[in-house]
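Novice: Handing you this structure, nothing more for now.
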Amino acid sequence: MSSAGVTILNPVPRELLLSSNGYHTPLHLTGQDELSVNVKELNGTEDYDVSENNCRRERDVSKEEEGREDAAIEPSVPRKALDRDLLEPVIVNKKIELASEVWNMINMTYEGLNSGNYPIRSAEGTGGAYFMLDSTGQNYVSVFKPIDEEPMAVNNPRGLPFSADGEGLKKGTRVGQGAFREVAAYILDHPMSGHRSLFGDQKGFAGVPPTVMVKCLHEGFNHPGELTTKLGSLQMFMENNGSCEDMGPGAFPVKEVHKITVLDMRLANADRHAGNILIGKEEENGQAVLIPIDHGYCLPTSFEDCTFEWLYWPQARQPYSPEIIDYIRSLNADEDIALLKFHGWNLPVECARTLQISTMLLKKGVERGMTPFGIGSLMCRESLNKESVIEGIVKAALDSVLPGTSEETFLDAVSEIMDQHLDEILS
Ligand SMILES: Nc1ncnc2c1ncn2[C@@H]1O[C@H](COP(=O)(O)OP(=O)(O)OP(=O)(O)O)[C@@H](O)[C@H]1O
Ligand SMILES: [Mg+2]
């Protein structure tokens, strides 16, 4: 796709172009030849392998699911016979069975489109985000964010300029990868009870709404050229009373703020502004529930653009509860990387590194009794031109190892330098 001689890469992973819905049929992307597939960039270096041999994880998700083929064959919610050109989930690994609530969302969205209801473009946000209606046309069911309408992508409806070098709006991200990051945030939002299951419907600890990769064809999307099937994230629509932009943080329960802090620090979220936290309501007691959305800029390759709105909220200065500390202790970046790989996203090595380092910092921080503010402020720049502490640690670790050092040795160096920094700060 080009404009003014500039080629924009829409890096769609090869697997997604080759198989969908586990049936190994091609994605019929009309105008597919216009998509420049940059598999290597999206999947990381080809020899980066999260296999048993070089991965320190304690659980091997791929093995764990081997005996569960039956569950994959018989979904708990019957699949609709979808007109696959209209809407279809994109599932890279056929062993993965979508949770029933995800199927419900897909089916209802499909019914809405099939009944002739047009997607409604959100007035907010910098990319194309569409509210998808149910069959009655009265209720929003989901939000679709196509990759070609992301900020700085070729069909962005808000007239943002093209990215000349493919870099996304935030440092360390790529145009066209937002939807994968949205899905990754959902997958990695493990429930309080443990690792996210590939089959369960359990709500994640931070409450990232269920999100899945889909392809969808509709004339209601932004198509300056010919009508094409769009790849993007489909996220469950969450009822809300606005976002944290609309009210001061005083009324938010501490636990609600803390769950967002954990998510953002783990994923080194570069887009946590107040508009990206919706305010819902607990059914039983009417208390405010914070709903994190818009994770298209999480897991960047560098920490440069990390920003956390909650850093200046009073709740962030309160210590984590023992329950949350236990949750943080249970996190394992190796497992997370393996889980994403199982779902079809072989995390680029630099993004995997970010996840490793941010998880490491979070764990070391809580072991030292630090608050979300204490840890979070090490990840964010105080001013535009002043590197954050975490950036300094990464740099020092890079300087301390020989070129060609293994990732494991590099991470050991990060760990050592991080310990020194934390001990210094706390003394
Ligand atoms: N799951 C959801 N449930 C309800 N509303 C949502 C959901 N996701 C997005 N929205 C609404 O759509 C708007 C745009 O979505 P989103 O923030 O994801 O888009 P964006 O273009 O990436 O925004 P940004 O400018 O923050 O990068 C949100 O501000 C919110 O009002
Ligand atoms: Mg937003």
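Novice: Here's a check for you: in segment 142-184, which residue that is more than 10 Å from ligand 1 (Cβ to nearest atom) and among the β-branched types (Val, Ile, Thr) is nearest to Leu340 (Cα to Cα)?
Specialist: Restricting to residues being more than 10 Å from ligand 1 (Cβ to nearest atom) and among the β-branched types (Val, Ile, Thr), the top hit is Val183.
Yes/no matrix, rows are residues, columns are (1) at pLDDT 95 or above; (2) acidic (Asp, Glu); (3) outside any strand (DSSP E or B):
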| position | (1), (2), (3) |
| --- | --- |
| Leu263 | yes, no, yes |
| Gly286 | no, no, yes |
| His295 | yes, no, yes |
| Leu299 | yes, no, yes |
| Glu304 | yes, yes, yes |
| Gln315 | yes, no, yes |
| Pro319 | yes, no, yes |
| Leu362 | yes, no, yes |
| Met370 | yes, no, yes |
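Novice: Checking Ala164 against (1) more than 14 Å from ligand 2 (Cβ to nearest atom); (2) modelled with pLDDT of 95 or more; (3) assigned to a loop (DSSP other than H, G, I, E, B): exactly one of these is not met. Which one?
Specialist: Every listed condition holds for Ala164 apart from (2).
Novice: Output the residue which, of all residues in segment 124-140 that are within 13 Å of ligand 1 (Cβ to nearest atom) and assigned to a loop (DSSP other than H, G, I, E, B), is nearest to Met105 (Cα to Cα).
Specialist: Filtering segment 124-140 for residues that are within 13 Å of ligand 1 (Cβ to nearest atom) and assigned to a loop (DSSP other than H, G, I, E, B), the one nearest to Met105 (Cα to Cα) comes out as Asn139.
Novice: Mind telling me which of the residues Gly172, Gly194 ends up being in a loop (DSSP other than H, G, I, E, B), surrounded by fewer than 16 Cβ atoms within 10 Å (Cβ to Cβ), more than 16 Å from ligand 2 (Cβ to nearest atom) and over 13 Å from the mean Cα position of the chain (by Cα)? Outline the logic, then answer.
Specialist: On the way: Gly172 fails: surrounded by fewer than 16 Cβ atoms within 10 Å (Cβ to Cβ).
After applying the criteria, what remains is Gly194.
Novice: Same structure again: Test Leu113 against the criterion of being touching a residue at least 60 places away in the same chain (Cβ under 8 Å) and touching a His at 6+ places or on another chain (Cβ under 9 Å), and give yes or no. Talk me through it step by step, then tell me what you get.
Specialist: Numbers: touching a residue at least 60 places away in the same chain (Cβ under 8 Å): yes; touching a His at 6+ places or on another chain (Cβ under 9 Å): yes.
For Leu113, the condition - touching a residue at least 60 places away in the same chain (Cβ under 8 Å) and touching a His at 6+ places or on another chain (Cβ under 9 Å) - is met.
Novice: Within segment 127-134, does at least one residue satisfy the condition of being more than 15 Å from Met236 (Cβ to Cβ), modelled with pLDDT of 90 or more and under 21 Å from the mean Cα position of the chain (by Cα)?
Specialist: First pass over segment 127-134, keeping only residues more than 15 Å from Met236 (Cβ to Cβ): 127-128.
Now drop any that are not modelled with pLDDT of 90 or more, which leaves 127-128.
Remaining after also requiring under 21 Å from the mean Cα position of the chain (by Cα): 127-128.
Yes, there is a match, as at least one residue in segment 127-134 is more than 15 Å from Met236 (Cβ to Cβ), modelled with pLDDT of 90 or more and under 21 Å from the mean Cα position of the chain (by Cα).
Novice: Here's something else I'd like to know. Filter segment 204-222 down to the residues that are farther than 18 Å from Arg181 by Cα and surrounded by fewer than 22 Cβ atoms within 10 Å (Cβ to Cβ) and list them by number.
Specialist: Looking only at segment 204-222, we keep the residues that are farther than 18 Å from Arg181 by Cα, and these are 216-222.
Passing the criteria: Leu217, His218, Glu219, Gly220, Asn222.
Novice: So, one more: Scanning segment 245-272 for residues that are within 16 Å of ligand 2 (Cβ to nearest atom) and under 15 Å from the mean Cα position of the chain (by Cα), which turns out nearest to Ala288 (Cα to Cα)? Even if it seems obvious, please write down each step before you answer.
Specialist: Going residue by residue through segment 245-272, those that are within 16 Å of ligand 2 (Cβ to nearest atom) are 245-246, 260, 263-264, 267, 269-272.
If we keep only those that are under 15 Å from the mean Cα position of the chain (by Cα) as well, we get 260, 263-264, 267, 269-272.
Numbers: Ile260: 13, Leu263: 18, Asp264: 19, Leu267: 24, Asn269: 22, Ala270: 24, Asp271: 22, Arg272: 18 Å.
Ranking the qualifying residues of segment 245-272, first place goes to Ile260.
Novice: Please determine whether any residue of segment 321-343 is in contact with a Phe, Trp or Tyr (Cβ under 9 Å, 6 or more places away or on another chain), more than 16 Å from ligand 2 (Cβ to nearest atom) and outside any helix (DSSP H, G or I).
Specialist: Among the residues of segment 321-343, not one is in contact with a Phe, Trp or Tyr (Cβ under 9 Å, 6 or more places away or on another chain), more than 16 Å from ligand 2 (Cβ to nearest atom) and outside any helix (DSSP H, G or I), which makes the answer no.
The values are calculated or read from the model by the stated rules, or taken from the named source; none is laboratory data. Note that the coordinates shown come from a computational prediction; the quantities given were computed from them, not determined experimentally. Please note: Cβ atoms are built from the backbone with ideal geometry, for glycine as well, and neighbour counts cover all protein chains shown.
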